[in-house]
Every structure is written in C-alpha cells, then in structure tokens.
1. Taking interchain pairs and intrachain pairs at least six residues apart, which have beta carbon atoms under 7 angstrom, with the first residue in region 37-61 and aromatic (Phe, Trp, Tyr) and the second outside any loop (DSSP other than H, G, I, E, B) and surrounded by 13 or more Cβ atoms within 10 Å (Cβ to Cβ)?
2. Of everything in region 137-149, what is under 16 Å from His46 (Cβ atoms) and touching a residue at least 24 places away in the same chain (Cβ under 8 Å)? Give them in sequence order.
3. Which residues, taken from region 102-133, are in contact with a helix residue (DSSP H, G or I) (Cβ under 7 Å, 6 or more places away or on another chain), over 23 Å from Thr58 (Cα atoms) and in contact (Cβ under 8 Å) with a residue 24 or more places away in the chain?
4. Kindly indicate the residue of region 202-220 that is touching a residue at least 12 places away in the same chain (Cβ under 8 Å) and assigned to a helix (DSSP H, G or I) and also farthest from Asp151 (Cα to Cα) among those meeting that condition.
5. Do we have Thr59 as among the hydroxyl-bearing types (Ser, Thr, Tyr), within 29 Å of Asp132 (Cα to Cα) and outside any loop (DSSP other than H, G, I, E, B) here?
6. Please work out if Cys78 is within 20 Å of the chain's Cα centre (by Cα), closer than 26 Å to Arg116 by Cα and touching a residue at least 12 places away in the same chain (Cβ under 8 Å).
7. Inspect all residues belonging to region 52-72 and state whether any of them is buried (at least 16 other Cβ atoms within 10 Å of the Cβ) and within 21 Å of Ala38 (Cα to Cα).
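Read the figures in this text as sums done on the coordinates, not as results from a lab. For clarity, every value in this text was computed on a predicted model and none was experimentally measured. Cβ coordinates were reconstructed from backbone atoms using ideal geometry, including for glycine residues, and neighbour counts include every protein chain displayed.
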Amino acid sequence: MGRWIPFLILLVSLLPSTRGEAEPVGEIAGRLTAGEFAPEQVDDPHWDPGGCDTCHRTTRPQSAGDLRMQGDTLCLACHRKVSPHDFLHPVGIAVGSGMRKRMDPRFRDSLGDDGRLTCTTCHEVSLQCVGDLRVQKGLNPLFFRGGPWRDRTDICFRCHDPRGWQRRSAHDQVDEDGRIREKSCLICHADLEGLEEASSIEEVTFHVRQGLERICLSCHPWSPHPSGGFSFLPGGEPDHLTVPPPEIRERLEQRSRERGVYMPLDPWTGRVFCATCHNPHEKGVITNNPAAAKGADARYRLRISGICTSCHRK
C-alpha cells in the first residue's frame, strides 16, 4: 500500500476543489481596488465547480450566457489586478485581413462579433465546464485554446508568423563584442538609468511592482515553484515564492555573507522570488558587484552551488 501513497496524493491534488458560495466578480474587483486584500489572497474560481457564480448569475449555468458582466469586462475586472498581462498581449484590437487568413480557424472563429481580439480568443473558458476536469486541469491549466501546447509560444504562432514574431530572450544581454544589449535590459527594467552603477535591487526599476516573480513567470510558467504543480509530499506542493519566516531569513542573510553571494528578496513584498536563487543576468553584465554577479551563465542560472542550504539545514 505504501508505494501507492505518492500516486494517490497526486490524484487528490488534481481534483477540483469545492467551497461555499462564490464572491461575485464585481465585489472582488471592488475590494481589490479598495485595498481590502491583496491579489494573491483572491480565491481562484477557475476549475472550481463551486466557483461558477463568481462570473455567472447562477451556480449551475446551462449555457455560456447569464454572465454578471459581458465580454472582456468580465475577465479584466479581476485580471487587471490579479494577473495583469497587457505587456504580453492586448485585447480589443482589430485583426487585419492578412492575419485573419493566416489564423488557425479555431482562433479566427473565436474573435468578437466585431472581429476584435478578446480574452476568449486564446483562453477557451468552457474547458473548465466539460469533460474530466482532473485531466483538463492537469494538462492545460490556463485553458489555452487548442492546448496543451508543448512550448508556451506555440499558441502565439496560431495567429502570428513565426518568422517575424519570435520572442526575444531577456537573457541574451551581451553581444559578440561584449557590449550590453540595452533592448534586452528593457524587457524587465523600466529604464536604463542607474543600472550599471546599482549595487542592490532597491536601486533599479522594473515594469511591475508588488510581485517581481510575474516578470519571470510570463516566460517561465513554473508555479508553484519548484514543484510546478506536481508534488508527492504529504504537506502539499512546496512554494518558495513566499515571505520566509524569521529564522529562514536570518539564515539566508548569514549564509549569503559567508559565501559572498547576493540573494535578494522582493523589495516590495519581502517574498522570495525567482531572482533570489537564479541570476537572470548574463556573464559580463554586472561588473561592480562580484556577489551579485555570481551564478551568471551557471547551470539553471543558480547563484551558487548547494543553494538549498542557503535557507534550509540538511
């Protein structure tokens, strides 16, 4: 029996959760705007059989109708606060005739009535309502239309010509002559001012605040980290993107000094985030702070070997 326990835990983790009456999307948006709670405290209604009335006026909608709000207004009421991704792709734009001809029919048929791009052009919301939810959620958690896709950018090329829309790597930061590619810096940083002289994360600017991990997760959708949603631990899926308790933070600071490595926390939230353990910079970018330069171009971009012991005891 013991050898089956990990597999049973995995199956339970994929089961849709249940809860009481859902909070309507309008109330969630209003409370977020009022600052009554943080985005990460919102109960996610997706894949939850008890969450239908967050967006619908009934707990058991018989069709796609009877929505509390119409069109993108419904999605953006929460997602402009919870997971803004306007920098990934805008909505509400008209699709030109050339692109319409090239589009995958499934995406073309999902445009709005006026031929404009909507949230549901790429996200097939109804996948949460049909079939085996455990399988659907496990394979395609963001309910991408036509998914699951092997690579994140595969869905982009259902509409865009890959020859002209290949994603620029934020980590391609130094050219063949050793010069810094400034355009790569601006993928994550809001401006170039002070970047070369900065000695800590507090001295630079980013495109987002209150959750720097969102910059990384827009390309590396591996959450919760490091398990990525698949864990056999009885305590649940470990998630490092959280505020470390005092004893862990103290050990992190102590071990960082001992090993001469810079492992920053998110300066706005105090959470561990991706760049706490991974150095996102290419070798040669950071030249004024040897501790912050460690781990550049290393395997998995880890800032130091044996990185787990920077916070955890053996």
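1. Partner pairs satisfying both residue conditions: Phe37/Arg31; Trp47/Gln128; Trp47/Leu133; Trp47/Lys137.
2. Of all residues in region 137-149, those under 16 Å from His46 (Cβ atoms) come to 137-145, 147-148.
Passing the criteria: Lys137, Gly138, Pro141, Leu142, Phe143, Arg145.
3. Of everything in region 102-133, those that are in contact with a helix residue (DSSP H, G or I) (Cβ under 7 Å, 6 or more places away or on another chain), over 23 Å from Thr58 (Cα atoms) and in contact (Cβ under 8 Å) with a residue 24 or more places away in the chain turn out to be Met103, Asp104, Phe107, Ser110, Thr118, Thr121, Cys122.
4. Restricting attention to region 202-220, the residues satisfying the condition of being touching a residue at least 12 places away in the same chain (Cβ under 8 Å) are 202, 204-220.
Checking the rest, the ones that are also assigned to a helix (DSSP H, G or I) come to 202, 213-217.
Numbers: Glu202: 33, Glu213: 20, Arg214: 18, Ile215: 18, Cys216: 16, Leu217: 14 Å.
Among them, the one singled out is Glu202.
5. Details: among the hydroxyl-bearing types (Ser, Thr, Tyr): yes; within 29 Å of Asp132 (Cα to Cα): yes; outside any loop (DSSP other than H, G, I, E, B): no.
So Thr59 does not fit the description; no.
6. On the way: within 20 Å of the chain's Cα centre (by Cα): yes; closer than 26 Å to Arg116 by Cα: yes; touching a residue at least 12 places away in the same chain (Cβ under 8 Å): yes.
Against the criterion (within 20 Å of the chain's Cα centre (by Cα), closer than 26 Å to Arg116 by Cα and touching a residue at least 12 places away in the same chain (Cβ under 8 Å)), Cys78 qualifies.
7. Within region 52-72, the first condition is being buried (at least 16 other Cβ atoms within 10 Å of the Cβ), and the residues that meet it are 52-56, 68, 71-72.
Those left that are additionally within 21 Å of Ala38 (Cα to Cα): 54-55.
Yes, region 52-72 contains a residue that is buried (at least 16 other Cβ atoms within 10 Å of the Cβ) and within 21 Å of Ala38 (Cα to Cα).
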